[in-house]
1. Stick to Cα atoms and the Kirkwood definition of Rh, then tell me Rg/Rh for the range 13-168.
2. For Asp45, Asp117, what ranking results if the residue with the fewest other Cβ atoms within 10 Å of its Cβ goes first?
3. Can you sort Ser3, Ser142, Ser153, Ser161 from fewest to most other Cβ atoms within 10 Å of each residue's own Cβ?
4. Give the long-range amide H neighbours of Arg119: residues separated by 5 or more places, or on another chain, with amide H under 5 Å away, using H modelled in the peptide plane at 1.01 Å from N.
5. Using the Karplus curve 6.51 cos²θ - 1.76 cosθ + 1.60 with θ = phi - 60°, what ³J(HN,Hα) values do you get for each residue of the range 198-209, in whole Hz, with x for Gly and Pro?
6. Per 0.36 nm of contour for each residue apart, how much would the distance between Glu163 and Ser81 grow if the chain were fully extended, relative to their Cα-Cα spacing?
7. If you stretched the chain out fully between Ser141 and Arg41, how much longer would it get, using 0.36 nm times the residue separation minus the C-alpha to C-alpha distance?
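Taken together, the values in this text are just the output of simple stated rules run on the coordinates, not laboratory data. Predicted model, so just to flag it, every value in this text is computed and none were measured. Cβ atoms come from the backbone with ideal geometry, glycine included; neighbour counts cover every protein chain shown.
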Amino acid sequence: MESQLLHSVTDGTARVVIHHPAKRNAMTARMWRELPPLLDRLAADPAVRVLVLTGGGDTFCAGADISSLREPAGPGEDPRSLAVRAEEALAAFPRPTLAAVRGHCVGGGCQLAAACDLRFAEEGALFGVTPARLGIVYPESSTRRLASLVGPSTAKYLLFSAELIGTERALRTGLVDEVLPAGELEGRVAEFTRVLRSRSAVTQAAAKAFVPGRAGAEHTGAEEYWTAQAHGSGDTAEGVAAFLERREPRFGWSAGSVAGSR
């Protein structure tokens, strides 16, 4: 199949690859439609501790495949909402998510990358939010998420101009978290996901619930809830004991055990 979402799970890391080489990994309507249920399946897998989203080959995602948006919509489906539903599903994924970016990360690709918790990029990557080229109104939820990452001024610069920016500016404005030399992105992502898998899943889940940017993240009593989870799971006791004993902690709580409960 020429355009598809590939996925695998290895050593606790789920890897989702945007694969559409003929159009620089542009997302078709079918791919947008398939991403939320794929994420649901991965979220239900207790072995998954981290999710990495990337593009096949030398580019991340060149946006939406505009030609595919002319395909007949499903029953009761608004084609314009497909990307938003996929973005929100990614933002709501219950474990840490990381976008590994090389090449173009534009339009819908940037929308997906922004929905991840973290973004690592290879030098030379290009980022852009381009609805102004097509006369399309960027979704409100996507606009707010972008502004929470880069600030109102940079969000307006990107949205008003549809210009592409490089990794230096993306790093400076907070659109990406790390920039790696050519050839080092995969190694750094593998190293960092190992770090994430070794840390407390309950702490990570609580952070995802508290940090602005996740839809539905604000809950009355959320801190009390997650504190109780940490104590009940034994993660707090294990973390303190490991610190005092000068050893690495052995956390056992699974984020999947309460996924979706908050």
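1. 0.94
2. So the ranking, lowest neighbour count to highest, is Asp45, Asp117.
3. Ser153, Ser161, Ser3, Ser142
4. Hits under the 5 Å cutoff: Ala99, Asp177, Glu178.
5. Each residue's phi maps through the Karplus curve to give 7, 8, 5, 5, 5, 4, 5, 5, 5, 4, 5, 6 Hz.
6. 27.1 nm
7. Full extension of this stretch gives 33.6 nm more.
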